[in-house]
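One structure below.
The values are calculated or read from the model by the stated rules, or taken from the named source; none is laboratory data. The model shown is predicted, which means the values in this text are computed figures rather than measured ones. Reconstructed Cβ throughout: ideal geometry from the backbone, glycine too, with neighbour counts over all protein chains shown.
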Amino acid sequence: MDEDSSEHGTAEQWPAGGALLDEVPRDGGVEGPIVIANEFADVVVTRVHTRNGVRLDIWSPRRGTRVQLDAVELDCLSYQEPETFTEMLERKPGG
Amino acid sequence: MTATGTSEGVQRMLADMREGVLQGRVPARIFNDQEIFDLERDKLFSTAWCFLAHESEIPKNGDYVVRYIANNSIIVVRDEHGNINANLNMCRHRGNMMCKSEMGNASHFRCSYHGWVYKNSGELIGVPYFKEGYEGQLDKKQWGMIKIRIDTYAGLIFGTLDPQAPSLDEYLGGFQFYLDIYLRQGAGGSEVHGPPDHWVAETDWKICAENFSGDGYHTPVAHQFGFHLGYFPSSGATHSEGWAVHIPDKGHGIGLGHTPGMPPFFGYPDELVEQMRGSLSAEQIEVFSKTRTAVGSVFPNLSFLIQPFSLVPGEPGVRFCTMRLWHPIGPGRMEMWSWCLVPKDASDEYKEAAYKAYTLTFGQAGTFEQDDFENWTRVTKAAGATAVRDVDFPYVMGLERPRLADFPGPGYAVSPYVTDTNFRNLWSTWLDYLTREA
Ligand code: FES
Ligand SMILES: [Fe+2]
């Protein structure tokens, strides 16, 4: 590991076997919306184009909420600890 | 002393059974009776180590399955840090069921009643109207999901409701030696192949647990098609040959059937045999290489079977392995889970062939499965009939048979394979639990 990456944790600190890190995406979902659902929530994910770029649209039809994330925001999500999402749900658990 | 609420008749039957089992008698009534079912729930399943899931059923973070110990629904989940957790499948707020799906993937569980949110490891983290409603009165740390004590052996996840229970290691008591034939097929061990078959049967769980503790006796009759059509490499003339082994006072038992002249490790692919020669002990190799059929049960209700079976009659057999859980849901009634276990390191072709052999024999519509449940359901019915209440069955086979002095594995081994020896140990262990002081 080089110096730079240590502030985000080294690879060894990340959960290894079970963490989906070894999965190479096979389907980019560019043909249409992707539905991500489990028994607790469901969202529809699509790529949306602006005049000058692209964002990822996350839509929760049951809740009626929607957000568009750009590459920097998504990149930022990619190095969060699971606890970050727990904190988000702590602040706004939702009904 | 048995639990309050147990009638004098049942108390007397259990008291008489103590001597009866030693002499080779078991009462029919235990196989279909409300009071026995209640006692099993309160005294056996509340203290024993009970099988929950195989680690390979929850390989990725957030993967979960819902399983049971007695009437308790339990979520078995791999959390966001890769650790396995088991919690009661119940929201701590008012007791709503948390997971309604039998399997899924979630980082957090959100209750469908008032919306409390838990980490998948069970900690309560989100409460709607926390500030406005609770005004600081609710300490979230105290109201997480209820943990179930778990432990693992070679991929098997067990749970117990008894905080005082001895360790799983002690509970298995040497039976691990035999479990390895199912769980350490090849260097990488075993994994489940697909989701389990799952159904309800009008059968008492104990009939199945007994059968899988080494009932080689029924095979040439109940499954005679397998012999006659050339699916199964054994013959009626030699079928009694082999070993029966049990762990005294622990209830675990296994039958290890032999076919004279069968090549060592018959039915396994060569590369797996090579791996097993490195990963198994010399004693295990001596026992397993000769074994055609290994049919064993971990007390109380988890069983395994490994044997070769030909996909096309007359062709060389393929080894398949099934793991099954006989889960009681009422007197004479059970829910069945049946998995196919395959060697993790085997080729996809071999895994598919083994899965086919499993499905042909022990899937829900499998031929062996149909043969067995036809008989078991009728046995259950008879056991619940009024004229059968006081009837005993004979368990005298092998009563005088000496223990093998030079057997290479742990436990109490006898030969031949056809015997009631394991079953007497099963029933006396069962009796120990049912008559134990609270
Ligand atoms: S019962 Fe689960 S939040 Fe009320
Ligand atoms: Fe059978």
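Summary table below
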read-out	value
Qualifying residue in the stretch A:59-79 (condition: within 14 Å of chain B (Cβ to nearest Cβ) and within 11 Å of the chain's Cα centre (by Cα))	yes
Qualifying residue in the stretch B:341-350 (condition: within 13 Å of the chain's Cα centre (by Cα), more than 20 Å from B:G257 (Cβ to Cβ) and more than 16 Å from ligand 2 (Cβ to nearest atom))	no
Unique residue being crowded, with 16+ Cβ neighbours inside 10 Å, β-branched (V, I, T) and either within 21 Å of B:G317 (Cα to Cα) or more than 14 Å from ligand 2 (Cβ to nearest atom) (or both) when the list is B:V221, B:V245	B:V245
Residue match in the stretch B:191-201 (condition: more than 20 Å from B:F423 (Cβ to Cβ), of a type outside the set (D, E, K, R), within 15 Å of ligand 2 (Cβ to nearest atom) and under 16 Å from the mean Cα position of the chain (by Cα))	yes
Selected residue [more than 28 Å from B:R29 (Cβ to Cβ), more than 20 Å from the chain's Cα centre (by Cα), modelled with pLDDT under 95 and not acidic (D, E)] from B:H228, B:H258	B:H228
Matching residues in the stretch B:133-165 - criterion: being hydrophobic (A, V, I, L, M, F, W, C) and under 30 Å from the mean Cα position of the chain (by Cα)	B:M145, B:I146, B:I148, B:I150, B:A154, B:L156, B:I157, B:F158, B:L161, B:A165
Condition check for B:T386: free of Cβ contacts under 8 Å to residues at least 24 places away in the same chain and in contact with an Asp or Glu (Cβ under 9 Å, 6 or more places away or on another chain)	no
Members of the stretch B:207-264 that are under 20 Å from B:D432 (Cα atoms) and of a type in the set (D, E, K, R)	B:E210, B:D249, B:K250
Any hit, the stretch B:378-401, residues being among the polar types (S, T, N, Q), within 23 Å of B:D197 (Cα to Cα) and modelled with pLDDT of 95 or more	yes
Test: residue in the stretch B:320-334 that is farther than 28 Å from B:W49 by Cα, surrounded by fewer than 17 Cβ atoms within 10 Å (Cβ to Cβ) and away from ligand 2 (no atom under 16 Å from the Cβ)	no
Near pairs, Cβ below 9 angstrom, 6+ apart or cross-chain, from the stretch B:356-375 (within 21 Å of B:R333 (Cβ to Cβ) and without any contact (Cβ under 8 Å) to a residue 60 or more places away in the chain) to any residue that is away from ligand 1 (no atom under 16 Å from the Cβ) and basic (K, R)	B:F362/B:R324
Residue check, B:D139 surrounded by fewer than 19 Cβ atoms within 10 Å (Cβ to Cβ) and either touching a residue at least 12 places away in the same chain (Cβ under 8 Å) or within 16 Å of ligand 2 (Cβ to nearest atom) (or both)	no
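Residue-wise test of (1) away from ligand 1 (no atom under 15 Å from the Cβ); (2) within 13 Å of A:T86 (Cβ to Cβ); (3) touching a helix residue (DSSP H, G or I) at 6+ places or on another chain (Cβ under 9 Å).
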| site | (1), (2), (3) |
| --- | --- |
| B:N87 | no, no, no |
| B:M90 | no, no, no |
| B:E102 | yes, no, no |
| B:L124 | no, yes, yes |
| B:E132 | yes, no, no |
